[in-house]
Every structure is written in C-alpha cells, then in structure tokens.
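The values are calculated or read from the model by the stated rules, or taken from the named source; none is laboratory data. In this text, all values refer to a predicted model and were calculated from it rather than measured experimentally. Reconstructed Cβ throughout: ideal geometry from the backbone, glycine too, with neighbour counts over all protein chains shown.
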Amino acid sequence: MQKITALSGPKLNRRGFLTATGLAATAFAMPSFLAGCSGYAENLGVTSVAALSASGEETRVSTDVLVIGGGMAGVFAAVRAKAAGLDVTLVDKGTVGRSGATPWANTFSVFDEAEGDDRAEWISGVRASSEYVNNLDWLDQMLDESKARWEDINEWGMLEENVQHPSLVLRDKLLENEINLIERTMITTLLTQDDDGERRVVGAMGFSIDGEAAVTILAKATIMAAGAGSFKAPGFPIQSLTSDGDAMAYKVGAVISGKEWIDFHFTSAENPASCWSQWSGMWDSGVGKMSQVFTAGMTLDGAFAKHTGEETQSSSPGGERPSGPPPDAEGGEAPSGPPPDAENGEGSSGLPAGQSQGEQVLGAATGLGIHKAEGIWPINMQGASNIPGLYAAGDGLASMLCGSSYVGLGFSLSGSAVQGAVVGDGAAAYASTVLAPTLSDDEIAAFQEAMFAPRQRESGFSPAWVTQVMQNTMFPYYVLFVKEQARLEAALSTITFLREHIVPQLTAQDAHELKLAHETANMLVNAEMKLRASLFRTESRGTHYREDYPARNDDEWLAWVLLQMDADGQMAVTKEAIPDAWKPDLSIPYVERYVNRFPGELEYLGLASG
Amino acid sequence: MAIKLIDPRKCIGCGTCVISCPTDVIRMNKETSHAVIMYPEDCQICNMCVNFCPVDAITVTADKSISILTAWG
Ligand SMILES: Cc1cc2nc3c(=O)[nH]c(=O)nc-3n(C[C@H](O)[C@H](O)[C@H](O)COP(=O)(O)OP(=O)(O)OC[C@H]3O[C@@H](n4cnc5c(N)ncnc54)[C@H](O)[C@@H]3O)c2cc1C
Ligand code: SF4
Ligand code: SF4
C-alpha cells in the first residue's frame, strides 16, 4: 500500500476560514432542528477544491483488490481475495458491522442434505416463489455453499452468545486478516481508464465524511458490495443505503437489472419513522440458521383491496397484510421461534416475531427491490460485470438467486456470504492477470473536481429538499405498488427533470451535506430505473403489478429487464430471455401455474367464472 | 423528536455513538469532548447509538416531524 499525502495547496481563503469557524460554532450550539429543507439558497459553506485539499490530508492508496462496502458480502469478498495472497482494501461509508443491512439480519439460510433438506423441493419452491424469473445456476451455488459459509461465520465467532453484536465480528475479521480498512468514507465515483479503446474500472474515489479530504483508491479489480438502497423511506433501517453502487456502475456503462421488483416492508402507523419500534426484536436474538423455502411468492392483497375497494381471491383474512410468506419474509421471524407457516405466513398475532404489534402501513422500504434480484448484472458466475475490472456481490448484484419475490427466510444473508466468497475469488484471479492502473494526476484531479462540485456552487438546491420532492413523487402507493402507464410516465417526467435540471444545481455546505448530495443523485438514478423498468415490463408478475396489464404474460416476459446508459447518455431498456430449460411447464393451466391472483387478472384473461 | 438528547453529564466522550450512527447524525465536540447532535433531521430512529453507548447517555424518541415543502424549498 502506498500513501501520498497532499500538503501543498493554497491557504484557506477568508470565506473558507469563516466557514470553518462557523462550523465549530455550530458544533457548540447544537443547532438541533435547524437545517431541514432550506431548498434553493445561498451555499453558506461554499469552498473550493483547493481549499478542501489544503484543509485535510488527501489519501491515495494503490491496492490489488478494492471492496466497496463492508456488509456480509464485502467482508467475505475481502477475506477471500486476501487469502489468494493479494493486497486488499475495503472502504465503507459507515463503520463495518454498524452500517448497511447486515447488522439487522438474524436468519441465515443453510441448505443441508445431511439434515434432510431436499434439493428438488428447494429448487421448485424457489422457482415458484420467484415466478420463474430466477437464475438456477446462482441457486445451485447457494445450495452447494451455504453450509460452508455458515460454518465460516460460526468459526469466526459470529454465533457466540457473548458477542456484543454479531456483525462487529465481521470487522474484527478484516483487521485480523490485515485488510486495509478505510471507514466513514463515502465512495462517489468509479475510476476508469481506456486501455486500447477498452474502458476498464481501475478503482474508486470518495471523501472522508469527517475531514472531507479526497480518498482515491487505485485498484486492479473493484468489487461493488455496497448493498441495495431505498429512497430513505421511513421505518426501515437502511437510510444510509441509497443504491450508490448501482448508480456508480451505471454511470461507467454497467448493465443493471431487477428494478421493477419491489420490497414491501411495513412500518408502524403510530410512529412511521421509527425503525426501532419496528425492528427492536431483531436485536434480542443472535444470527440463527434457517432451512425453509416458500412455495409461493407474496401478494399485496391488502394494498390492492384499498385501491380497488374489493378483496381479491387470494386475500388473507385481515386484508391488511400480504398473504403468502410473512411481510418481512427476510427477517422478522426470530430464528429460535417456530418456522412460519408458508401458506398463512403469520403467527397468531398476524405479525412475525420482532416487529411491533400496532397498526401497520406499507412502504417502509420504498425504492428497495428484492434482495439478490436487483443490482449489477453479472456476465459470469463470479460476479464480473460487463465492464472489465468491475465485480459485484450480495445485495448489489442482480444474481437473480431470487426472482420477482422473496423465496425463503435467510436467503439474503447467506446469499451475500456465498456470493461474497465466490466473487472475492473471481476478482482476485482477474487482478492477478492485469497491470496496475496508470491514471494520471490530471485525470484524478478531474474526477475530484466533479465529486466536490456541490461544495463549490455559490447557490442552489439543498439535497434535503430534492430528496423530499423525490419522495413525494415516488412514495404514494399508486406509483410503485399499483402501477399503470400514465402514472409511471408522470412520475418519470418529474424524476428526469430533477436529474437533468436540479441535480446539476445541488449544493453542499459541508462533508455531511456533500454525502447527502451524492446520495440524492444516486436515489434519482434508482428512481428512474424503477420507473423505466416498470413501464417496460408490460405484464404483472410477483411483486410487479401493472393495473393495465394485470396478468403474467409467459410468451413475452419470461425475461429479465436490463438497463444501460446509451451513447447519448439516456437510459436504454432491453430484455434478456430466460433459458428455455428454466421456464415453467407451459402445459400446466395458467391458474395452477401461478397460484397468486392480481386484481382484474382473470377478467383480463377471459378466465373469470360467473 | 428522533434523537433528542445526549446528556453531557453522562457522556464520557468515548466516540462510540459517532461511529455507530449509520446516517452520520452525531459528531464529537472537540472542545468539550462530548458527543453532540449535529444533523438530527437525518436520524432514522434505529437506536444504534443508544444500544452501543456504554453509559446510557442518549435519548431517542419514536416520533419525528418532517420539514414543510414549498416551491423552492
Ligand atoms: C431490518 C432488516 C432485517 C433483515 N433481516 C434479514 C434476515 O433475518 N435474514 C436475511 O437473510 N436477510 C435479512 N435482511 C437482509 C440482509 O440484511 C441483507 O440482504 C444482507 O445483509 C446484505 O448484505 P450485503 O453485504 O450485500 O449489503 P449490506 O449489509 O447492506 O452492506 C453494504 C455496505 O456498503 C456500504 N456502502 C453503501 N454505499 C456506500 C458508498 N457509497 N461508499 C462506501 N460504502 C458504501 C454500507 O455502509 C454497508 O456497510 C434484513 C434486512 C433488514 C434491513
Ligand atoms: S437513532 Fe440511529 S440514526 Fe438516530 S442518531 Fe442514533 S444511530 Fe443515528
Ligand atoms: S457513546 Fe455515549 S459516552 Fe460515548 S461519546 Fe457517545 S454519548 Fe458519549
């Protein structure tokens, strides 16, 4: 590892000096509840890149394998790349073990034939719950390797009762393996260079959220393990996850998939912003093993009933909750408790253990897709993207281990572990074959200039205001839960306006707000992807319900939707067919092939009786 | 509302809450060596800070208000 410290540069100008003292004063005054949404305003903290680089220690690192994100996937990737004998650096916008989704998960799916698990039964359950848009190769990999990864985390000490918190063990593991760890550093940009006309990813750039100095990491291979993201929706503890990995990868030409699927966690009606009211139960138990697969995907009958005014045929008794698996099909259920009944999905209280018991409302994770079914599209079984040098793992990889709906408890956490390990191996093998990056200082300076742009604008829009406008556009149920062409197009027109017209005017007064500015821009990319993918898939399937196309269309849509930036910088949408061997048996009558019903579906198909 | 108080009489300045907050709400005041609430509007009410604080100095409540939206902010 090589570290370069930038000490030169102009002294703080008067304005920069005033800002710095102003910040110190605010720290004293504890300006609680001041900031909020100031909207269009003068940037009180405006500064220059020169002043920023003079005020803090710029970091430059050269490494073999860079891992972005230290959740379950990133930690496994880093440990495996290190075991291959390479120099490995892991960077996280928070602190490993306390950031992202991983600290909240308490079930880990393990497929174990020795314990009586039946492979054919698991495969058929996953296919049916996914509604056949899953990838059977990635499923095979998970079935083959989940037990070994479970044994790994056991050996690491993650399952011991006396640990302060299981995921803190992941951080210890990185340090023990002498993996270079850079925390509280927001990565904003993938670095690329052209080699003989081929664009290759050669590391990433970000800034420290404490000192605000630039952090540049040059790497032979880069693994995106930055998780998924929501629109900072209230009541689901992933507001630090804003689909940064997808947005960064999209900008360098990577293909992204899975954006039409939607996660539908609930939050409490009484205090919708409180993640703790909803999820405190997850802290009472450690991480437990799960061996269970659903037999059908989820339905949103409660939400549909509110929209149409009538119950649908597959409605659950309360009409409020999704039928099929529990509302939190990925967690919620304490591992020690009885396995949830996959048919009814809920305990006697109607809620899985670990969630609050009051009235529940939908939309706690709006912006999130299905774990393991959204993100960077792999071109091989080791998570390589279409851009050389860029890999992805875990929640940021569209492996399609699951398809249009969740398939079983604990798949997300164990899927991240399994994928992290294979992608770590794959990226290490690639890194061993390529030359070190040769990005020049000028090129690095240009990337820095773009990253710090919101800090240099004299006036413009605050990230908080833009985020709120985006939320107001995307949160209402009739955009992503009950979809329809005209409404999707209306939302899309607002989102593209924000991207084109407002993002270039985002301002940031300090490092914290600069993080928010980048997060806001990334969420807008995710929003646009969700809308375009949803418009493109002119059918309904799993968690994707189009009111104007309320049935599956197996002739057209046994396919994945792919998004990629075109030569004009616009978002292009295409589809890739599922291999014939993975399609459902089309000789089975439709209503038996798919057991969950959408409102209006049978009428649309001319199958309604009576 | 959300994160409400870091009690300076209890806080021993260990910095754990700062590194535990996923949304960067809390910072250290270098002068007083106490943790302070810097960006309360970004609190997601996850209680990470509360759970990891060794001296129980932090109060987080379940409610949160949202800023008013106007034409330009
Ligand atoms: C409340 C809750 C309960 C859950 N329960 C379960 C369960 O019981 N069982 C189960 O299987 N799954 C569960 N899940 C899902 C599971 O937690 C995730 O699928 C899994 O942990 C994802 O791991 P990951 O490593 O892919 O991503 P994450 O754990 O999300 O890690 C991503 C990391 O990347 C970092 N990062 C993001 N952006 C940047 C950036 N721009 N720069 C630098 N770093 C960045 C983040 O800080 C984070 O540390 C639950 C999720 C939640 C939120
Ligand atoms: S409750 Fe969570 S988001 Fe709020 S200050 Fe504490 S750690 Fe940060
Ligand atoms: S964790 Fe508690 S004691 Fe430590 S700095 Fe924060 S408030 Fe103070």
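Each residue in the stretch A:246-294 was checked for being among the hydrophobic types (A, V, I, L, M, F, W, C), within 14 Å of chain B (Cβ to nearest Cβ) and assigned to a loop (DSSP other than H, G, I, E, B), and 2 of them qualify. The set of residues in the stretch B:20-35 that are at the interface with another protein chain (Cβ under 9 Å from one of its Cβ atoms) and near ligand 3 (Cβ under 9 Å from one of its atoms) comprises B:S20, B:M28.
Does B:C17 satisfy the condition of being closer than 20 Å to A:R171 by Cα, within 16 Å of ligand 1 (Cβ to nearest atom) and surrounded by 23 or more Cβ atoms within 10 Å (Cβ to Cβ)? So B:C17 fails the test.
Candidates are the residues of the stretch B:25-44 that are outside any strand (DSSP E or B) and out of contact with any Ser or Thr (no Cβ under 8 Å at 6 or more places or on another chain); the one that is modelled with the highest pLDDT is B:V25. As a summary of the residue check, A:Q141 satisfies the conditions (1) over 27 Å from A:E592 (Cβ atoms); (2) assigned to a loop (DSSP other than H, G, I, E, B); (3) touching a residue at least 60 places away in the same chain (Cβ under 8 Å); (4) out of contact with any Gly (no Cβ under 7 Å at 6 or more places or on another chain) except for the one numbered (2).
When the residues of the stretch A:51-91 are filtered to those that are among the small types (G, A, S), assigned to a loop (DSSP other than H, G, I, E, B) and away from ligand 1 (no atom under 15 Å from the Cβ), the one that is surrounded by the fewest Cβ atoms within 10 Å (Cβ to Cβ) is A:G85.
Entry remark, the stretch B:20-46: residues being within 16 Å of ligand 1 (Cβ to nearest atom) and aromatic (F, W, Y) number 0 in total. On the stretch given as the stretch B:45-73, residues that are assigned to a loop (DSSP other than H, G, I, E, B), more than 7 Å from chain A (Cβ to nearest Cβ) and touching a residue at least 12 places away in the same chain (Cβ under 8 Å) total 7. Number of residues in the stretch A:175-201 that are among the hydrophobic types (A, V, I, L, M, F, W, C) and more than 22 Å from the chain's Cα centre (by Cα) equals 2.
When B:S65 is tested against (1) within 15 Å of ligand 2 (Cβ to nearest atom); (2) closer than 23 Å to A:N472 by Cβ; (3) surrounded by 14 or more Cβ atoms within 10 Å (Cβ to Cβ), just one condition goes unmet, and that condition is (3).
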